[in-house]
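Derivation of every value follows stated rules applied to the coordinates shown; laboratory data play no part. Every value quoted in this text rests on a predicted model; they were computed, and no experiment measured them. Reconstructed Cβ throughout: ideal geometry from the backbone, glycine too, with neighbour counts over all protein chains shown.
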Amino acid sequence: MLKVTVNESNTIDVAEDKGGTWLLNDIPFDGDLREVRPNHYHVIWRDRSFNVEVVVHDPSLKITNFRINGQLLTTAAKDRFDLLLESMGIGQTNTSKINNVKAPMPGLIQSISVAVGDTVQKGDTLLVLVAMKMENAIKAPGEGTVKAIQIAAGNTVEKNQVLIEFA
């Protein structure tokens, strides 16, 4: 079973019964679903026609963005393991607070993508470090607010040098 949240407001329970029928909030899905081309589908359900495009699908984060008849919908799913952890009071947080970001290797700072006061999330690109003729996007390992930037574009840095500090 999945619990799917649509646009951060509506929640739909999605399950499959023993006969292989999909249930949406315990109502059997008796519509017709056909793939028109990759990531594009045509659905007929309850005497209505829908053109569905899968815009973004990230299985690791369990998010999918759809465009249905031109309207963008964002979905986030929780499977039975997520629901079990949630019922036990164990929040599965993928974010962590960070204090600073250090240079993973010596190199040249090509560009900086953040400014003091910016709030960043895990995975946001902070800067680009060039080392051995390779551009390396340095990403935020967690969430935080930029407190200070210790370098500027064009600076050379040493391994483990603090580049950005967070509040």
In nm, the gap between the two label points placed 7 Å beyond Cα toward Cβ at T156 and A131 is 1.5 nm
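So if I average 1/r over every pair of distinct C-alpha atoms in the stretch 2-87 and take the inverse, what Kirkwood radius in Å does that give?
Details: mean 1/r = 0.0711 Å⁻¹.
Computed over the stretch 2-87, the radius equals 14.1 Å.
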Binning at 5 angstrom from zero up to the longest distance, how are the C-alpha pair distances of the chain distributed in percent?
2, 7, 11, 14, 13, 9, 10, 10, 9, 7, 5, 3, 0
Förster radius 35 Å - calculated FRET efficiency between L73 and S111 (Cβ-Cβ, nearest 0.05):
0.55
What distance in nm separates the simple spin-label points at K18 and N51, each placed 7 Å from Cα in the Cβ direction?
4.2 nm
Only Cα pairs within less than 10 Å get springs; with that Gaussian network setup on the chain, which residue of D82, D13, D118 has the largest fluctuation?
D118
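In what sequence do R34, R67 fall when counting other Cβ within 10 Å, fewest first? Each step should come with its number before you reach the end.
Details: R34 9, R67 15.
In order of increasing Cβ crowding within 10 Å: R34, R67.
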